[in-house]
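Below is one structure, written out as structure tokens; comments come after it.
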Amino acid sequence: NMSLREDKHWSYGARSFAYDARGQRPFLASAPVQTDKTAEAIAEIRREFAELVGKRPATPEEVAMVKRTNTLSLPGQWETGGAVLGSVSQIVQFGLPDDYWNNYAATIRGVTPEQVNKAAQDHLRPEDLVMVVVGDRLRPRDGWPAGAGQDDRQHALVDACRMGQLPGAWPHAALVSQ
């Protein structure tokens, strides 16, 4: 988010998240970007992921910022009955302890940069990223990798991911939309 939004001004915001799931969990990154900066944004996302598991792991400041965001936003998470029901459903669905949410903030505050970087090393595979680009297909694609933007290839790629025919790729998918 800092790079695409704050440094380059190509996006109103980028985010990444892992879906709640049992077993293998899809990890997605999403960034609505300017159409004319799509190729550059894809390259930047790939670079960020490669550096996270390589020469520039998460810093203590970055980890602290995420921890603050994930804990200070908790009170607003349960503003509706549906939201409370969703949190209770997670406890049941994933077999979490009844006091899971009572301990959540303390658990998050206890996460160290070393743990974050080890998790990145153990689970992120930047070389396996699958990019799904949503946007105006009639716009020029200067700077895109060979084959990018071909409708049949994109549809085949998305269908293969959906059907589990790309082993290891789907949990490391990145979505860039414009």
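The values are calculated or read from the model by the stated rules, or taken from the named source; none is laboratory data. Not measured: the values here are computed from a predicted model. Areas reflect the complete protein model, heavy atoms only, side chains present, ligands, DNA and RNA absent. Shrake-Rupley method; radii C 1.70, N 1.55, O 1.52, S 1.80 Å.
For a straight C-alpha distance cut-off of 28 angstrom, the lysines reachable from Lys37 (same-chain residues fewer than eight places away being disregarded) are Lys8, Lys55. Taking 0.36 nm per residue of separation and subtracting the Cα-Cα distance, full extension of the segment from Ala18 to Phe94 would add 25.9 nm. Probing with 1.4 Å while keeping every protein chain in the model, the per residue accessible area of segment 1-129 equals 65 Å².
Given a 1.4 angstrom probe, I'd like the percentage of the accessible area of segment 30-123 that is carbon and sulfur, rounded to a whole number.
On the way: 3490 of 5890 Å².
Looking at segment 30-123 in its full context, I get 59 percent from C and S.
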